Amino acid sequence: MSQTLTEGARKGSVDSSSAPSSRRWWILAIIGIAQLMVVLDATIVNIALPSAQADLGFSDGNRQWIVTAYSLAFASLLLLGGRIADLFGRKPAFLIGVAGFAGASVFGGASTSFGMLVTARALQGVFGALLAPAALSLLNTTFTDAKERAKAFSVYGAIAGAGGAVGLLLGGVLTDALDWRWTLFVNLVFAVVAFAGGWVLLSNHRDAANSRLDLPGTLLVSSGLFAVVYGFSNAETHDWSSPLTWGFLTAGGILLSAFAWWQTRAEHPLLPMRVLLDRDRAASFVTVLITGAGMFGVFLFLTYYLQLNLGFSPTRTGVAFLPMMAALMIMAQVSTTVLVPRIGPKIVIPAGFAIAVAGMAWLTGIGVASDFSTAVLPQLLLIGAGLGIVMPPAMSLATSGIAAEDAGVASATVNTMQQVGGSIGTALLNTLAASAATSYLAGKDATNKLVRAQSTIESYTTAFWWSAGFFAAGAVIAFLLYRRGAQEQDPDAVRTVHM
């Protein structure tokens, strides 16, 4: 670990001799519930969209804004949310985030118009951007023992990886059994438990209380991330040649470059360079970005395939993802508590990516009338195992050894990478899949049902191949960037347990 990081960790530490509180595992449960609420909301509404559209009467063209409004607000404000937690305390950031997210969810569930629902989704993104980094930084400062930290991050990483599938399952059940509005109202249940637990169990610490908010940096990075996510979202619904696509992507690149330049000169930078320049941490950030991009090949297109081609109901579609979730959660424990501590991430994380590549490549064998038990289930188990090996240790290493005053913004960077990766993956895979379907239909009878069905298969398998390519690139990058050997926690970076 670099001297700069070690010195920063010492500044952020207080007395590391205090014994860990017995409440830490309860705190993990509260953090897990809050994180699940944020993660599943990225997918839980997707299954309910047709019902919401029929109820509120908005067009197909406007439908994507129900998803985009959330991702735009969430991605663009994450770094600000993380720094607010560092400056003003993680407990108030956590509690305000939970309460605000719940209020926005109730507002959305009670929507009587398209505009009201979009506003509610944007507000969910705003409060989620405050909640998510506060939750991850609380986990980072609560678990300082290496073995316990590995267990805690295996749970957290499993939730982050499987949350999308949980959202699909819960969204399907609620939409079938009750009404689309309950995909939003259900957040109130999570929020009440998380808020009550956080109020009782957490105490407030302001590790960066002597610092100040970097307003120019905040404006640059928030507007830059907004432009990037909006540009990719527009590419998904319009075209890459659209001025709104390349214009926003170009503007986003310029703004983010200006932000990086400003961070080297600001007295109190929003994202200190010491957070990014550690080699293992940088590798972990890239790993989370690539995983976020590739996972959409599983969740998005396999959901289409199961419902549109195999005729699964929304509930049955959600249940179909349960084996993948189980494999992911099991391997999350194995990778963070056994494999990475003994072998190191340089071997383990590329191996996990390789397993996911094999699963995605195998999944390209689906057909119009394939059997789920042979053409989908084994592949899902393999993909889940691979992602379980990759995601939790990457998230743990991304925040390991960080100074206490930087814990919030480092945690926000992890969430930002996952969100931006998801936006990139959604746009690229949707575009590539649509092009594959169009190419297949060229010169064929597009009115023939079998031909149209086969064109959808071509679009899905194209997306799966590209997802496999993302994971393959992740394996190479992770192998090149991570240091050799097992990672040991720097004793100078251990902090007091903040509860």
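The values are calculated or read from the model by the stated rules, or taken from the named source; none is laboratory data. The structure displayed is predicted, hence computed values, not measured ones. A quick note on method: Cβ atoms are made from the backbone with ideal geometry, for glycine too, and the neighbour counts reach across all protein chains shown. Ligands, DNA and RNA are stripped out before the accessible areas are found, and what is left, the full protein with its side chains, is counted by its heavy atoms. Shrake-Rupley method; radii C 1.70, N 1.55, O 1.52, S 1.80 Å.
Can you tell me the 0 to 90 degree angle between the C-alpha axis of helix 146-177 and the longest principal axis of the chain, rounded to 10? Long axis of 146-177 versus the principal axis of the chain: about 30 degrees. Evaluated with a Cβ-only charge set (Lys, Arg +1; Asp, Glu -1), the chain carries a dipole of roughly 540 debye about its Cα centre, given to the nearest 20. Between VAL390, LEU40, GLY108, the Cα set farthest toward the positive side of the dipole of the chain (charges on each charged residue's Cβ, about the Cα centre) is that of VAL390.
Do you know the relative contact order of segment 344-408, to the nearest whole percent, from alpha carbon pairs under 8 angstrom that are 6+ apart?
Values: 48 pairs, mean separation 28.5, N = 65.
Reported as a whole number, the value is 44 percent.
3J(HN,Hα) along segment 24-41: 4, 6, 5, 5, 4, 4, 5, 4, x, 5, 5, 5, 4, 4, 6, 5, 5, 5 Hz, from the Karplus curve 6.51 cos²θ - 1.76 cosθ + 1.60 with θ = phi - 60°, whole Hz, x for Gly and Pro. Relative contact order for segment 62-201: 32 percent, from Cα pairs under 8 Å spaced at least 6 residues apart, divided by residue count.
Under the Kirkwood approximation for Rh and a Cα-based Rg, what ratio Rg/Rh is obtained for segment 199-340? Numbers along the way, then the final one.
Values: Rg = 20.8 Å, Rh = 19.4 Å.
Here Rg/Rh amounts to 1.07.
Using a Förster distance of 25 Å, how high is the FRET efficiency between LEU215 and MET273, based on the Cβ-Cβ distance and rounded to 0.05?
Numbers: r = 18 Å, r/R0 = 0.74.
That pair, LEU215 with MET273, gives E of 0.85.
In this simple spin-label model, placing a label point 7 Å from the Cα along the Cα-to-Cβ direction at both VAL200 and ASP445 gives a separation of 6.7 nm.
Taking only DSSP H segments of four or more residues, each worth -39500 (n - 2.57), what value at 222 nm results for the chain once the sum is divided by all its residues, to the nearest 500 deg cm²/dmol?
-25500 deg cm²/dmol
MET329 contributes an accessible area of around 100 Å² to the protein surface, as traced by a 1.4 Å probe with all chains present. Of the residues THR291, PHE74, ALA442, the one whose Cα sits farthest towards the positive end of the charge dipole of the chain is THR291 (charges of +1 on Lys and Arg Cβ, -1 on Asp and Glu Cβ, taken about the Cα centre).
What is the calculated FRET efficiency for VAL476 to ASP176, with r their C-beta to C-beta distance and R₀ = 41 Å, to the nearest 0.05?
Working: r = 42 Å, r/R0 = 1.03.
After rounding, the FRET efficiency stands at 0.45.
Using the Cβ-Cβ distance between VAL106 and PHE372 with R0 set to 35 Å, the FRET efficiency from 1/(1 + (r/R0)^6) comes to roughly 0.45.
Overall, the anisotropy analysis places the chain in the prolate class: the square-rooted eigenvalues a ≥ b ≥ c of its C-alpha gyration tensor yield a/c not less than 1.5, with a/b exceeding b/c.
So if I place +1 on the C-beta of Lys and Arg and -1 on the C-beta of Asp and Glu, and nothing else carries charge, what would the dipole magnitude of segment 99-180 be about its Cα centre? I want it in debye, nearest 20.
Working: 4 positive and 4 negative charges, 47 e Å.
So the dipole magnitude of segment 99-180 works out to roughly 220 debye.
Distance from the C-alpha centroid of segment 300-378 to that of segment 216-285: 31 Å, rounded to the whole angstrom. Any chance you could give the angle, 0 to 90 degrees and rounded to 10, that helix 407-441 forms with the longest Cα principal axis of the chain? Taking Cα atoms only, the helix is inclined about 10 degrees. Taking 0.36 nm per residue of sequence separation and removing the Cα-Cα distance, the SER113/ALA282 pair yields an extension gain of 56.5 nm.
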